[in-house]
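The values are calculated or read from the model by the stated rules, or taken from the named source; none is laboratory data. What you see is a predicted model, and the numbers here were worked out from it, not measured in a lab. FYI the Cβ positions are ideal-geometry reconstructions off the backbone, even for glycines, and counts take in every protein chain you see. In case anyone asks, the SASA skips ligands and DNA or RNA and just uses the protein heavy atoms, side chains included. Shrake-Rupley method; radii C 1.70, N 1.55, O 1.52, S 1.80 Å.
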Amino acid sequence: AQSVTQLGSHVSVSEGALVLLRCNYSSSVPPYLFWYVQYPNQGLQLLLKYTSAATLVKGINGFEAEFKKSETSFHLTKPSAHMSDAAEYFCAVSVNQGAQKLVFGQGTRLTINP
Amino acid sequence: DGGITQSPKYLFRKEGQNVTLSCEQNLNHDAMYWYRQDPGQGLRLIYYSQIVNDFQKGDIAEGYSVSREKKESFPLTVTSAQKNPTAFYLCASRASLANYGYTFGSGTRLTVV
């Protein structure tokens, strides 16, 4: 069965600083990997996805993530944080088998300091 | 525009009452899912349905029930058997291919009073 671990339930960075949110996955078959963002009292919005094409994936709002099979990681980065990036971020894994369920990490709350 | 509509956005329920949360999609997606979100616990799968008239239990199905009579609709009933129903509930749908990911509704916040 697949699983996801997000390191750090809270991350705080200064405006303009690098954002790095960590995600490690476990899967016995090649996975599909996703990052979602959630603003307060809203649903989840897809930031980006890895589907076995390019290992460096670019998403919306200047975010990108790199799939590293050897490290079983899919960390999310943004070169320069903006106040509007404050939200909760979820990493998720799915496989192209069976019910194709998404399994989510616990989430990381990102705070941006002015 | 296509999307998923969840209603109501806020719902209050007295203890011992059943309540039904609505989820409608016009994306022509085959699969639909219900997740429960609690602070610090991420999203946990309640029920999912891959086709009309068929659904399966997720990880935390006890105290919940669903139906899938139409492709567009996947309502969730929170029964009085659910011990701790206060939570944020999210509905999602997915096209046929897993690599498309899910599309989420805006959620329903249920509070038991």
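Can you find a residue that is at pLDDT 95 or above, surrounded by 12 or more Cβ atoms within 10 Å (Cβ to Cβ), within 14 Å of chain B (Cβ to nearest Cβ) and closer than 29 Å to B:Ala87 by Cα anywhere in region A:50-69?
no
Here are some conditions: (1) closer than 27 Å to B:Gly3 by Cα; (2) at pLDDT below 90. A:Gln2 meets all but one. Which one does it not meet?
All conditions are met except number (1).
Can you report the number of residues in region B:37-46 which are assigned to a strand (DSSP E or B) and within 11 Å of chain A (Cβ to nearest Cβ)? Explain how you work it out, then say what you get.
We begin by selecting, within region B:37-46, every residue assigned to a strand (DSSP E or B); these are B:37, B:43-46.
Retained after the next criterion (residues that are within 11 Å of chain A (Cβ to nearest Cβ)): B:37, B:43-45.
Matching residues across region B:37-46 total 4.
On the basis of being surrounded by 12 or more Cβ atoms within 10 Å (Cβ to Cβ) and at pLDDT below 95, does A:Ala86 make the cut? I'd like the intermediate steps shown before the answer.
On the way: surrounded by 12 or more Cβ atoms within 10 Å (Cβ to Cβ): yes; at pLDDT below 95: no.
Spelling it out, it is not the case that A:Ala86 is surrounded by 12 or more Cβ atoms within 10 Å (Cβ to Cβ) and at pLDDT below 95.
Can we say B:Cys23 is open to solvent by less than 20 Å² (accessible area, probe 1.4 Å), in a strand (DSSP E or B) and over 27 Å from A:Thr5 (Cβ atoms)?
Values: open to solvent by less than 20 Å² (accessible area, probe 1.4 Å): yes; in a strand (DSSP E or B): yes; over 27 Å from A:Thr5 (Cβ atoms): yes.
Taking the combined requirement at face value, the residue satisfies it.
Just to be sure, is A:Thr5 touching a residue at least 60 places away in the same chain (Cβ under 8 Å) and more than 10 Å from chain B (Cβ to nearest Cβ)?
Values: touching a residue at least 60 places away in the same chain (Cβ under 8 Å): yes; more than 10 Å from chain B (Cβ to nearest Cβ): yes.
It is true that A:Thr5 is touching a residue at least 60 places away in the same chain (Cβ under 8 Å) and more than 10 Å from chain B (Cβ to nearest Cβ).
Does any residue of region B:50-57 turn out to be touching a strand residue (DSSP E or B) at 6+ places or on another chain (Cβ under 9 Å) and within 16 Å of B:Ser106 (Cβ to Cβ)?
We begin by selecting, within region B:50-57, every residue touching a strand residue (DSSP E or B) at 6+ places or on another chain (Cβ under 9 Å); these are B:50-52, B:55-57.
Right, trim to within 16 Å of B:Ser106 (Cβ to Cβ) and you get none.
Taking every residue of region B:50-57 in turn, none turns out to be touching a strand residue (DSSP E or B) at 6+ places or on another chain (Cβ under 9 Å) and within 16 Å of B:Ser106 (Cβ to Cβ).
Does B:Val78 qualify as being without any contact (Cβ under 8 Å) to a residue 40 or more places away in the chain, touching a strand residue (DSSP E or B) at 6+ places or on another chain (Cβ under 7 Å) and away from chain A (no Cβ under 14 Å)? Write out each step before concluding.
Numbers: without any contact (Cβ under 8 Å) to a residue 40 or more places away in the chain: no; touching a strand residue (DSSP E or B) at 6+ places or on another chain (Cβ under 7 Å): yes; away from chain A (no Cβ under 14 Å): yes.
For B:Val78, the condition - without any contact (Cβ under 8 Å) to a residue 40 or more places away in the chain, touching a strand residue (DSSP E or B) at 6+ places or on another chain (Cβ under 7 Å) and away from chain A (no Cβ under 14 Å) - is not met.
Give the residues of region B:29-53 that are over 12 Å from B:Leu90 (Cβ atoms) and touching a residue at least 60 places away in the same chain (Cβ under 8 Å), sorted by residue number.
Residues of region B:29-53 that are over 12 Å from B:Leu90 (Cβ atoms), as a first pass: B:29-31, B:39-41, B:47-53.
Matches in region B:29-53: B:His29, B:Asp30, B:Ala31.
All but one of (1) under 23 Å from A:Thr5 (Cα atoms); (2) open to solvent by 40 Å² or more (accessible area, probe 1.4 Å); (3) not in a loop (DSSP other than H, G, I, E, B) hold for B:Asp59; state the number of the condition that does not hold.
That leaves (3) as the condition not met.
Does region B:85-99 contain any residue that is touching a strand residue (DSSP E or B) at 6+ places or on another chain (Cβ under 6 Å), free of Cβ contacts under 8 Å to residues at least 40 places away in the same chain and closer than 20 Å to A:Phe34 by Cα?
yes
Of the residues B:Tyr64, B:Tyr89, which single one is within 14 Å of chain A (Cβ to nearest Cβ), at pLDDT 95 or above and open to solvent by less than 20 Å² (accessible area, probe 1.4 Å)?
Details: B:Tyr64 fails: within 14 Å of chain A (Cβ to nearest Cβ).
Just a single option satisfies the conditions, and that option is B:Tyr89.
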